[in-house]
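Participant: Please read through the structure below; I'll follow up with questions.
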Amino acid sequence: MMILGLVRWMQPVHGYDVRRELLSWSADKWANVQPGSIYHALRKLTDEGLLRTVSVEQVGARPARTTYEVTAKGEEEFETLLRAQWWQLNEPPDPFVAAFSFLPAMPRDEAAAALRNRANLLRAGVESMRASLDSDWVRNRKPVHVGWMFELWLARAEAEMAWCERIAERIESGVSYLPAGLEQAEGWPGWRDGAPNAE
């Protein structure tokens, strides 16, 4: 959706300019758009009839520069993808959640320290986002909704920071990882405080 949307917004546009714009947005960090895949994606979207080649220019020994624009089919696809993301809730896979599901495999002191470290990393990101929000770069050189996106990221990070601190305290308090009825039940020995063989 990002590449299709940018071509639609900037058309007619060279692939180089699409790549440069995506990098200026740091889209590789939050939209999973890798810089090395952009040209491939442009060719694929063209093969699928969502984009069309307007021209190909060759200047000296430089690589040929292809200019793209969106087709009617591409407009329709962009509208579909855009609205799907606005009207649905899609949870991205989070490797931390996968690791957290094995919390009892970590020694309690290490798990609590790791959560506090995660909160500190998030705090550093929050400070950076706050500085960006207060900067001339966001306030005067970007559309207003870019600031609103930063506000969303801030709210998420602050909520996760608070959660990390709260769970670290619970872990350190020694609270059992299992409900009372399961603590002595068969099949749960690996879920008791950090060691697969703990009883």
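The values are calculated or read from the model by the stated rules, or taken from the named source; none is laboratory data. In this text the structure is predicted, and so the values were computed from the model without any measurement. Here the Cβ positions follow ideal geometry from the backbone for every residue, glycine too, while neighbour counts run over all protein chains shown. Side chains included, ligands, DNA and RNA excluded: accessible areas come from the protein's heavy atoms. Shrake-Rupley method; radii C 1.70, N 1.55, O 1.52, S 1.80 Å.
Participant: Six or more apart or on different chains, Cβ under 8 Å: which pairs go from a residue in region 75-91 that's under 13 Å from LEU50 (Cα atoms) and in contact (Cβ under 8 Å) with a residue 24 or more places away in the chain to one that's open to solvent by 60 Å² or more (accessible area, probe 1.4 Å) and outside any helix (DSSP H, G or I)? Could you list them?
Facilitator: Close Cβ pairs satisfying both conditions: PHE78/MET1; LEU81/MET1.
Participant: Would you mind stating whether GLY5 is farther than 24 Å from SER132 by Cβ and among the small types (Gly, Ala, Ser)? Please lay out each step first, then the result.
Facilitator: On the way: farther than 24 Å from SER132 by Cβ: no; among the small types (Gly, Ala, Ser): yes.
Judged against the criteria, GLY5 is not a match.
Participant: Out of all the residues in region 54-69, is one or more surrounded by 10 or more Cβ atoms within 10 Å (Cβ to Cβ), under 30 Å from VAL138 (Cα atoms) and at pLDDT 90 or above?
Facilitator: Within region 54-69, one or more residues are surrounded by 10 or more Cβ atoms within 10 Å (Cβ to Cβ), under 30 Å from VAL138 (Cα atoms) and at pLDDT 90 or above.
Participant: Checking ALA159 against (1) closer than 30 Å to VAL13 by Cβ; (2) open to solvent by less than 80 Å² (accessible area, probe 1.4 Å); (3) assigned to a helix (DSSP H, G or I), which test does it fail?
Facilitator: All conditions are met except number (1).
Participant: Next up: For PHE96, state whether it is of a type outside the set (Gly, Ala, Ser) and modelled with pLDDT of 90 or more.
Facilitator: On the way: of a type outside the set (Gly, Ala, Ser): yes; modelled with pLDDT of 90 or more: yes.
Here the answer is yes, as PHE96 does meet what is asked.
Participant: Moving on to the next point. Picking from SER101, SER135, which residue would you name as being farther than 26 Å from LEU22 by Cα, hydroxyl-bearing (Ser, Thr, Tyr) and either surrounded by 16 or more Cβ atoms within 10 Å (Cβ to Cβ) or more than 18 Å from the chain's Cα centre (by Cα) (or both)?
Facilitator: SER101
Participant: Are there helices (runs of 4 or more DSSP H) fully within region 1-72 with at least 2 residues that are among the basic types (Lys, Arg)? List them. Walk me through how you get there before you give the answer.
Facilitator: Values: elements: 2-10, 15-24, 27-30, 38-47.
Per the criteria, 15-24, 38-47.
Participant: Could we say that TRP153 is at pLDDT 85 or above, in contact with a helix residue (DSSP H, G or I) (Cβ under 8 Å, 6 or more places away or on another chain) and open to solvent by 60 Å² or more (accessible area, probe 1.4 Å) here?
Facilitator: On the way: at pLDDT 85 or above: yes; in contact with a helix residue (DSSP H, G or I) (Cβ under 8 Å, 6 or more places away or on another chain): yes; open to solvent by 60 Å² or more (accessible area, probe 1.4 Å): yes.
It is true that TRP153 is at pLDDT 85 or above, in contact with a helix residue (DSSP H, G or I) (Cβ under 8 Å, 6 or more places away or on another chain) and open to solvent by 60 Å² or more (accessible area, probe 1.4 Å).
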